[in-house]
1. If you take the residues in the range A:1-39 that are at pLDDT 85 or above and not in a helix (DSSP H, G or I), which one is farthest from the other protein chains (Cβ to nearest Cβ)?
2. Residue check: is residue A:89 touching a residue at least 60 places away in the same chain (Cβ under 8 Å) and either surrounded by 23 or more Cβ atoms within 10 Å (Cβ to Cβ) or not in a helix (DSSP H, G or I) (or both)?
3. Quick check, is residue B:534 at pLDDT below 90, outside any helix (DSSP H, G or I) and under 22 Å from residue A:110 (Cα atoms)?
4. In the range A:94-137, how many are within 12 Å of another protein chain (Cβ to nearest Cβ), in contact with a Lys or Arg (Cβ under 9 Å, 6 or more places away or on another chain), outside any strand (DSSP E or B) and farther than 22 Å from residue B:571 by Cβ?
5. If I go through the range B:584-633 residue by residue, how many of them are free of Cβ contacts under 8 Å to residues at least 60 places away in the same chain, hydrophobic (A, V, I, L, M, F, W, C) and in a loop (DSSP other than H, G, I, E, B)?
6. Being at positive phi and at pLDDT 85 or above narrows it down to one residue among B:477, B:493, B:525; which is it?
7. When the residues of the range B:531-563 are filtered to those that are acidic (Asp, Glu) and surrounded by 14 or more Cβ atoms within 10 Å (Cβ to Cβ), which remaining residue is nearest to the chain's Cα centre (by Cα)?
8. Say whether the condition of being touching a strand residue (DSSP E or B) at 6+ places or on another chain (Cβ under 6 Å) and crowded, with 19+ Cβ neighbours inside 10 Å is met by at least one residue in the range B:498-509.
Amino acid sequence: MQAKKFIPLLAFVVLAGLLFRGLSIDPSELPAARLGQPFPEFSQPELSTGREVSVEALAVRPALVNVWATWCYSCRVEHPYLIALAQQGVPIYGLNYKDDSAKAREWLTQLGDPYQLNIADVEGSVGLDLGVYGAPETYVLDADGVIAHRHVGVLSEEVFQRDFSPWFSLGASLSEIHGEVGVE
Amino acid sequence: MIPELGHVSLIIAFVLAIGLAAVPMWGALRRDIAAMNTAPSLAVGVTVFVGIAFALLAVSFLQDDFSVAVVAANSNSLLPPIFKFSAVWGNHEGSLLLWVLILSGWMTAVAYFSRGLPLVMVARVLSVMGMVAVGFLAFSLLTSNPFERLLPNTPLDGNDLNPLLQDPGLIIHPPLLYMGYVGLSVPFAFAIAALMGGRLDASWARWSRPWTNVAWGFLSLGIMLGSWWAYYELGWGGWWFWDPVENASFMPWLMGAALVHSLAVTEKRGVFRSWTVLLAIFAFSLSLLGTFLVRSGVLTSVHAFAADPERGLFILIFLALVVGGSLLLYALRAPSVASRVAYGAVSRESLLMVNNLVFIVSTVVVLLGTLFPLIMDAFSLGKYSVGPPYFNAVFVPLMALLMPFMAVGPLSRWREDSARRWLHELLVPGLGVMVVAALLGLLGKAAFNIWIAMAVLLSGWVALGVIKDGWRRLSSGMTSGLQWRRLSPSFLGMALAHLGFAGVVLGAVVVTQESEEHDLRMALGDSELLGAYRFELQSLGQQAGPNYLADQAVFEVSRNGEPIAILVPEKRRYFASGQIMTEAAIDASLWRDLYIALGEPIGDNAWAVRLQYKPMVRWLWLGSLMIGFGALVTVFDRRYRSQAVRNPVPQTGAKAVAS
């Protein structure tokens, strides 16, 4: 019996420990520090117009902030649903995350544009402040501009009904929603 | 009633699997022949009852029994029957049942084809596979029962199968992939049986080698189909994404590639024995790890099944028992004496060692990339995602490193060879390939495309090695004329797989370097040029499918005024889910694909359209087909057929078998 023959076993024990730890963390969980905080300050160009926008530009609330990129193919799966949501009157702000802006504009031309505006976060600094894990992610910005919820992964009808209904009731028209909470 | 019968069958299969895991193993320990002899019948019994359960679940789908939860969640009365059938494995519960069905199919095959093997070996192998079956049947029964009913609130109609999965490619992709995944349990079981018996010799390698090749061949075909499906079904022409779920199937493939080659050395030369055993354990462990990653929700992916921590914990415990137990057995029982068979630094053994190292490093690299987000998260170092740039940056050079050795491998001699002989064999044709590569590099869009030149050089080099080896076999010998019989299935399989690999590399590089795409707005009657091809939007219309309504656009493609094809891309809206799917239209040929996908409608009679020209993209899948079939062809080699007759009495010691 040689000690070195135990190396594969030890390596596996470490891996199994890691996987066990992995089970207890929810990859879609927002770092606690971010929840209930205002959306981080930023100053970035808007994707289509190129003019600088800051957090004040996210004025229509409650709204979704959707993190997307052309390199993310789950985003492609999600995109038609975002368009459907926009058509039903849900305001959506895009955070175009670590992406080539030219490609992103092409994407919007081709697939349709559900966004009120898009923050072109080429370096990913807004994403970093926000604690983005990857694309796609969708945040709820409540009426006070506070991050109220985070969803990691593809947004679907099912997820929306289950987790997002406290902020958006789709039966109601846009004016009703904003009538109730008041647009600042 | 039918679902309940299915549930009962599954329970009977579970009980029989427990018997299979325990009785023959006990018999092998006590040398009790009667107990060992139960193994084949128990294996068949498990197969029959899992088969019944599977058939009854399929019947529930075909009869639209929406009182069964998985049917209600994944089918719909409007769904075409063929998709009702494939919907059986379009969900977590049903695909798990398919997993077990294929596992038991492999057990039955082992029982049938291994009748000539020593009884104790057969008993142990089947028993180990029985243990795996117990784990997965328990997983199915305890956490993922496919026969769960929705009573009394039975829905009137089902939610429909995810439209992405309503596709012929997806009917056969999972079964083929699972054939590969699960098939790796056979070499695993042989390795464990050999460790238990203390017999790691050439005959063990000869027994498990055809099984490994077949399983790995199926895995290659399954991965190929997945990539092909993604290409035409996701609607934007990508063919590999380094998604965690793709990686989950790719890691066992990489490890399997190492195992296939390492087994050759163990069979022919009796060396690398501990190493080969370890690879067999790793390959199957990676299959199990893949199952864990896909079904536990620790990593996010669009492919992933619904995340459920309880299921994750179950698989993790199972994984710990199987892999931990095997590696402990390895640590205790693997031969610690270095093999007495020597080989030189310049020899086929060394070349195959290089192969093994490259494939293992590649596996580790992919594993690290896949688990990196999890590692960082576990240590609270932040949340990360690892994308294609990482994988491409590390994986491409590793494959490039492999290929120079790949050409020499088939030509080299076992034990002791000389670099001078290699040079003599390959120098002149090698220079020829270099010239061709340099010329072809000039053909790309850019003035000189170094990547294409490199790919042609490396692929041509690999092909050269295969051709020279084939020629040497054909022309050498005492008599004049070509010796066709010298091209054994083993050689043909290897040749096919190596040529296929060269084809995949060439296709991957060319399609990455030379693809062209235009995103544009096209109205009725517009025509656009892409390279030499003219695309004209001739008409727009609507077409109703069985469970969807499609907008269609009819394009005529022509080149120099000659019409080539009529392409009809669609945008479908599925009734039940309201989901919108892009159906790309493709004109495929060996040298190029023309690919049209519809985006969004823009105004009256106009659409956003994506036109793509993809040169040599077919080579990816043709090459993968060759790899898969190459691996399958090797089993027809005579020496595997004769194994049943020969060797009724086990031989001991490392015995080199003449090729």
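The values are calculated or read from the model by the stated rules, or taken from the named source; none is laboratory data. Since this is a predicted model, take the numbers as computed values, not measurements. Because the Cβ atoms are built from the backbone with ideal geometry, glycine has one as well, and the counts that use them run over all protein chains shown.
1. Going through the qualifying residues, I end up with A:38.
2. Yes: the conditions hold for residue A:89.
3. no
4. Going through the range A:94-137 one residue at a time, the tally reaches 8.
5. Going through the range B:584-633 one residue at a time, the tally reaches 2.
6. Residue meeting the stated conditions: B:525.
7. B:551
8. No, because not a single residue in the range B:498-509 is touching a strand residue (DSSP E or B) at 6+ places or on another chain (Cβ under 6 Å) and crowded, with 19+ Cβ neighbours inside 10 Å.
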